[in-house]
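All remarks here apply to the structure that follows.
The values are calculated or read from the model by the stated rules, or taken from the named source; none is laboratory data. Just so it is clear, the model here is predicted, and its values are computed rather than measured. All Cβ positions, even for glycine, are placed from backbone atoms using ideal geometry, and neighbour counts span all protein chains on display.
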Amino acid sequence: MRLTTMTDYAVRLLMYVAQRPERLCTIAEIAKAYGISEAHLMKVTHQLGLQGWIETQRGKGGGMRLAHAPQDINLAAVVRSMEPDFHVVECFSTGNTCVLTGSCRLTGVLDEALNSFLAHLQRYTLADILPTATGPAPQTRPITVHRKAAV
């Protein structure tokens with residue numbers, strides 16, 4: 001599964017703004033800090049504002065700030081609000097034309113995996129992923145992919 005760039009940028013933007021609660025942050029400074037497109041960040045900012053994750057002020061001296069405390073912003077809720085869908089495979093979507101529908105058990109396995117992914121994110125807030133004063137957030141154990149050896 002892969003999250004959209006929109007969701008990736010949304011979480012980065014929230015992290016940036018959360019680390020600067022004393023002031024408004026601008027799209028230009030966030031884009032510069034992360035080396036990403038201002039145009040794309042404008043779309044992300046708009047969506048985050050519509051979803052109620054940030055408050056925005058237009059005009060000279062304007063910018064954005066979090067609409068809630070970092071510990072009140074759940075990661076699963078942010079991801080759900082930013083992703084257009086979770087159609088991991090065709091059979092998850094309406095208009096499905098897969099010839100295996102009804103006889104394939106992959107759908108159930110992937111649905112369970114997606115639910116596990118979202119349940120895992122549900123346990124964390126924005127506060128949990130912010131860098132500490134002494135450096136970046138500690139890394140969790142690396143992801144290990146186990147593959148069967150070729151026969």
- Which is loosely packed, with under 13 Cβ neighbours inside 10 Å and either among the aromatic types (Phe, Trp, Tyr) or touching a Ser or Thr at 6+ places or on another chain (Cβ under 9 Å) (or both), of THR45, THR97, THR101? THR101
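Conditions tested, residue by residue: (1) at pLDDT below 50; (2) farther than 18 Å from ARG12 by Cα; (3) out of contact with any strand residue (DSSP E or B) (no Cβ under 8 Å at 6 or more places or on another chain); (4) loosely packed, with under 13 Cβ neighbours inside 10 Å.
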position: GLU112; (1), (2), (3), (4): no, yes, yes, yes
position: HIS120; (1), (2), (3), (4): no, yes, yes, yes
position: THR125; (1), (2), (3), (4): no, no, no, no
position: ILE129; (1), (2), (3), (4): no, no, yes, no
position: THR134; (1), (2), (3), (4): no, yes, yes, yes
position: HIS146; (1), (2), (3), (4): yes, yes, yes, yes
- Message: Tally up the residues in the range 42-67 that are closer than 17 Å to THR7 by Cβ and free of Cβ contacts under 8 Å to residues at least 24 places away in the same chain, please.
- Response: 5
- Item | Pairs with Cβ under 8 Å, 6+ apart, first in the range 105-125 and part of a helix (DSSP H, G or I), second of a type in the set (Ser, Thr, Tyr) | THR107/THR101
- Message: Filter the range 10-56 down to the residues that are outside any loop (DSSP other than H, G, I, E, B), touching a strand residue (DSSP E or B) at 6+ places or on another chain (Cβ under 6 Å) and farther than 18 Å from ALA77 by Cα and list them by number.
- Response: CYS25, THR56
- Kindly provide the set of residues from the range 57-75 that are of a type in the set (Gly, Ala, Ser), surrounded by 15 or more Cβ atoms within 10 Å (Cβ to Cβ) and part of a loop (DSSP other than H, G, I, E, B), ordered by number. ALA67
- Item | The one condition in (1) surrounded by 15 or more Cβ atoms within 10 Å (Cβ to Cβ); (2) without any contact (Cβ under 8 Å) to a residue 24 or more places away in the chain; (3) farther than 17 Å from ALA127 by Cα that ALA39 fails to fulfil | (1)
- Members of the range 83-110 found to be under 30 Å from LYS43 (Cβ atoms) and either among the hydroxyl-bearing types (Ser, Thr, Tyr) or modelled with pLDDT of 80 or more (or both), listed by number: GLU83, PRO84, ASP85, SER93, THR94, LEU110
- Task: Give me a count of the residues in the range 64-83 that are more than 10 Å from the chain's Cα centre (by Cα), farther than 13 Å from ASP128 by Cβ and aliphatic (A, V, I, L, M).
- Result: 3
- Task: Say whether the condition of being among the small types (Gly, Ala, Ser) and part of a loop (DSSP other than H, G, I, E, B) is met by at least one residue in the range 77-94.
- Result: yes
